[in-house]
Each structure stands twice: as structure tokens, then as C-alpha cells.
Amino acid sequence: MINFLYCFDNNYNIQAFASIYSLLNKIDQKINIHIIHKSEKTSSFIPEIILGHSNLNEIKVYLFDIRDVKFNNLNNAHVSEATFYRLYLLNYLPEELNFVVYLDADVYCISNPIEKLNHEIYRLEKSEYEVGFSSESKRSAKNLENFSRLNLEGNSYFNAGVMILNLNKAKSNKFTQNISKLLLDLGKDAIYWDQDILNKYYDNNFLEITESLNYKINYFKKDYSKILANNKKEICLVHYSGKFKPWNIRGVSHSSSFIFQDIYKELFKEHYFLSNARKRTALKDVIKITLTLNFKHIKYPLKFLILSIKYLIQKSE
């Protein structure tokens, strides 16, 4: 039985619930879900439709309680300190677990990933590696920023939104002690937060997993609705990586926003979850979408505009 891990806080509850729900709806067997949360320690805050799902074997919630740890570069960031919590996962997960699949709260399941995950777990178990990631970029003359900034020796910089970890190897290799020290050593140089720390720690010493388990969506120029439709069976997990999010007002007009917003509608019986970091940015986006009539990928334009106005009125700076 596969064990999944999420790390989030109250600011990401909705997004994480949608991720969990999408996963449970697409798989064909029971799974365990573990959550390390900033302020919750029981599952009572999780929607009943998730807790009673037929594909959920067990869900466990752990309150993050490690004090005196400084997390850098979080001012005006699109992530919270909870993104760092996985660095301490060995302090929380049950001793008997052998492997865990970590998912960011902005990763959503569009087709059953179980077979591919089991294959990658098997490959990882037979390999020399402790962890599996999907690469985000390869070293080249035009792509040196991350490699130079972190002084990486390897040729791959991975995206950490999906991680498969061999817990036994991690324990043997003193993951928690070593990664905690690296967190302090890198400090503010880790501008991409835990992803930078993990890249520095593993530095090309990881198993390359299939991109279908971490298909990254981060461009506005691509028509993802067509890409995803043509690869519906191949792509399992989509990841809204980077600053772009489908719950931002601009993001709702994106060609891929239906993935998150449809899940949200089914889970909470409401149209459109809207959340922007800044009210001013949200206002500009609403005006731009309206003036350009950019409603091609918005299923319910009138509802979207009404909710956007309500959101702008209610939300404070």
C-alpha cells in the first residue's frame, strides 16, 4: 500500500484538500495519507467526503512542533514555511514505513498513477539511490543560474514537487541531521526554498523518475487543454509549479485552470476558488480579462465576474 505525504498550513487547506481528493478519485486501490501541518493535529479539519472515501485506508495528521528553526526567503513568497516541513519528515512518519511519496499541495491527479509509482518505487529500491525526482532543467551554457548559485557538481536540477523517498536509506544516511545543517549553511542562498536545499543535498545523486508523475504547468502561451486531452492516459500528476496558480484571478483564465477548479467545484459544491496575494494585482487582472474578453477557458464567465467582484470587496490588503 502506497503512503503519500503532504505538508501545508491553513493558507493551503483548500488547495491540499483538492489535491488529495483528485488523487483518491483516480486511483484504484486504497492508500495511506500523512499530513504534516502547521496548526492541526487531528483529521477533524478535513472534509468528510475525503475522510469517508472508499480509496482511503488511513489518514494521519502530525502537528509540526520543531522550534527554533529559521526558514528564509518567505517574505512576499507564493509558498509558506510549510514547504520546509518535509525536511523533518523522519521525525513524524511511522517507523515501519519503507517508502513515501511526497506531493506538493498544488499537484493534481488526472489519471491513475499507481502503476507508475509502483514501478518507480521498485526501481528506487533496486538502485543505489535514496530518492527519486523529475528533472526541471539540465546544465547548459544558457542555463547556469541554479547550478552556479548552488555550486552544483551535477548536470540536473530537479523539481521537488513530487518526491519518492526510500525511508530506510534516508535514516541510514542521517537525512534529518544532514539536511538540517544544510538548511542553516545555505540560509538565504536557497531562494527556491526547500527545492534548492534538496538539490544541493542530493546534487545529481537521485533517480530520474518519469515526467508523467510531475508534469509541470507554468506557461501562459501553451494551450494545456489540448496537451492534456491528447495525453490523458500518459500524464498522471500535473503540477502548477512556480508563481502561476489556477486560483489566482489571472490563473482562472489559463488553459489548464479547469483541472483545479473542476475538482474544487465537485469537492465544495461552489464555483471558483479565488485567492490572490495582492488586491491590486487581482483588480488589474479582472479588468484585463474583462476588457480583452479573455473568457475562452472560463466555463462560467458571469459567475466568475460576480465572484471576482465579491472577492475584491471582501479581501483586505
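The values are calculated or read from the model by the stated rules, or taken from the named source; none is laboratory data. Quick caveat: nothing in here was measured; it's all calculated off a predicted structure. Note: ideal-geometry Cβ built from the backbone for every residue, glycine included; neighbour counts use all protein chains shown.
At a glance:
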quantity	calculated
Residues of segment 250-265 classified as of a type in the set (Lys, Arg) and either touching a helix residue (DSSP H, G or I) at 6+ places or on another chain (Cβ under 9 Å) or outside any helix (DSSP H, G or I) (or both), total	1
Which numbered condition residue 183 misses (of (1) in contact with a Leu (Cβ under 9 Å, 6 or more places away or on another chain); (2) among the aliphatic types (A, V, I, L, M); (3) in the same structural domain as residue 119 (by TED's automatic domain parsing); (4) not in a helix (DSSP H, G or I))	(4)
Subset of segment 228-254 (residues that are at pLDDT 90 or above and polar (S, T, N, Q))	248, 253
Check on residue 102, of a type in the set (Ser, Thr, Tyr) and at pLDDT 95 or above	yes
Residue list for segment 196-239, restricted to those being assigned to a loop (DSSP other than H, G, I, E, B), within 13 Å of residue 110 (Cα to Cα) and not aliphatic (A, V, I, L, M)	214, 231, 232, 233, 234, 236
Exclusive hit being surrounded by 13 or more Cβ atoms within 10 Å (Cβ to Cβ), among the basic types (Lys, Arg) and in contact with a Ser or Thr (Cβ under 8 Å, 6 or more places away or on another chain), set 169, 200, 222	222
Filter result (under 21 Å from residue 223 (Cα atoms) and crowded, with 16+ Cβ neighbours inside 10 Å) within segment 265-293	272, 285, 286, 289
Test: residue 20 is hydrophobic (A, V, I, L, M, F, W, C), surrounded by 17 or more Cβ atoms within 10 Å (Cβ to Cβ) and within 17 Å of the chain's Cα centre (by Cα)	yes
Inter-residue pairs, beta-carbon under 9 Å, first assigned by TED's automatic domain parsing to the domain that holds residue 12 and in segment 25-41, second among the basic types (Lys, Arg), 6+ apart	32/60; 33/60; 34/60; 35/60; 36/86
The one condition in (1) without any contact (Cβ under 8 Å) to a residue 60 or more places away in the chain; (2) in contact with a strand residue (DSSP E or B) (Cβ under 7 Å, 6 or more places away or on another chain); (3) under 27 Å from residue 96 (Cβ atoms) that residue 172 fails to fulfil	(2)
Single residue of 67, 149 found to be in contact with a helix residue (DSSP H, G or I) (Cβ under 8 Å, 6 or more places away or on another chain), within 27 Å of residue 185 (Cβ to Cβ) and among the basic types (Lys, Arg)	149
Tally of residues being touching a helix residue (DSSP H, G or I) at 6+ places or on another chain (Cβ under 6 Å) and touching a residue at least 60 places away in the same chain (Cβ under 8 Å) across segment 266-296	2
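Matching residues to (1) farther than 20 Å from residue 139 by Cα; (2) in contact (Cβ under 8 Å) with a residue 40 or more places away in the chain; (3) of a type outside the set (Asp, Glu):
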| site | (1), (2), (3) |
| --- | --- |
| 198 | no, yes, yes |
| 213 | yes, yes, yes |
| 216 | no, yes, yes |
| 223 | yes, no, no |
| 229 | yes, no, yes |
| 243 | yes, yes, yes |
